[in-house]
Amino acid sequence: MSSLFFSSFEVTRQVFYRSTNALSYAIVNLKPLVPGHVLVVPTRKVTRLVDLNESEIASLMGSVQRVGNVIERAYGADALTIACQDGKAAGQSVPHVHFHILPRKAVGDRFSNNDDIYPALENSEGSLKSDLQQSANQTLKVDADENRKPRTEEEMEREATWLRSFFA
């Protein structure tokens, strides 16, 4: 497989799914809000949804649906939160379109009030770019939420390998 980039960050080892037409892929998250929090990304680096062509949109949405179905089963979830921050004013900090898929549980979810996930998601995006950059340099930055430490490349690769088995 050729190298894949999320914005300018090489994420090939984090990839666990690639669409059949190679227009989109899914990666495990550096700092998941909940276990199973993953990203679905178009292969071509574009900042906004409007910049994608129809084939890319179809691939991206199909990938969100397929990956979401697997993530829900793999993590024993009852539902999914699917979010896209489309542009800087919407909280997007990495200038590459991406969808967050977060498995949710009716009982035992980290966020007892379902809507509390949205501010957490917005805050997580705020530090992601610097975390990704520092991860590439092997010096990981931790934001104010000490419960969400950046994971190592090895930890992310283990999860990606496990998730890949659901698509075989």
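The values are calculated or read from the model by the stated rules, or taken from the named source; none is laboratory data. Fair warning: this is a prediction, and the values are worked out from it, not measured in the lab. Glycine also receives a Cβ, built like all others from the backbone with ideal geometry; neighbour counts cover every protein chain displayed.
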Out of the residues in the range 42-61 meeting the condition of being assigned to a helix (DSSP H, G or I) and β-branched (V, I, T), tell me which one is nearest to S93 (Cα to Cα). V50
All but one of (1) loosely packed, with under 15 Cβ neighbours inside 10 Å; (2) modelled with pLDDT under 85; (3) not in a helix (DSSP H, G or I) hold for F111; state the number of the condition that does not hold. (1)
Which one of these is of a type in the set (K, R), surrounded by fewer than 17 Cβ atoms within 10 Å (Cβ to Cβ) and either modelled with pLDDT of 80 or more or out of contact with any helix residue (DSSP H, G or I) (no Cβ under 7 Å at 6 or more places or on another chain) (or both): K149, K141? K149
Neighbours by Cβ (under 9 Å, 6+ apart or cross-chain): first from the range 74-85, within 15 Å of L39 (Cβ to Cβ); second among the small types (G, A, S) and at pLDDT below 95: C84/A90; Q85/G91; Q85/S93
Give the residues of the range 8-34 that are in a strand (DSSP E or B) and surrounded by fewer than 20 Cβ atoms within 10 Å (Cβ to Cβ), sorted by residue number. F9, E10, R18
